[in-house]
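Some notes on the structure that comes next.
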Amino acid sequence: MEWQQLEYFQTLAHIQHVTRAAESLCITQPALSRSMARLEEELGVPLFDRKGRTINIKPLRTTLFEAGRSHADGI
């Protein structure tokens, strides 16, 4: 797991739209999707419910979102 993947996860969870999140991060949509797929594979759990390009964070994954936000705020 890389710090960048967590940043991408935070942004995608906040915006809840893959294309818009990619634009916000100044990366391509496929790059964001691949990064999130690798993160999910590394963690062994799906992080999002996907409906086209719109996503919703899975309720139990909110902990990861909150932990990442708290850590980022402390830096």
Inter-label distance for Thr11 and Gln29, nm, one decimal - labels placed 7 Å from Cα along Cα-to-Cβ | 1.6 nm
For the pair Leu43 and Arg20, the simple spin-label estimate (label points 7 Å beyond Cα toward Cβ) gives in nm 2.1 nm
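Read the figures in this text as sums done on the coordinates, not as results from a lab. In this text the structure is predicted, and so the values were computed from the model without any measurement. Using ideal geometry, Cβ is built from the backbone for each residue, glycine included, and neighbour counts are taken over all protein chains shown.
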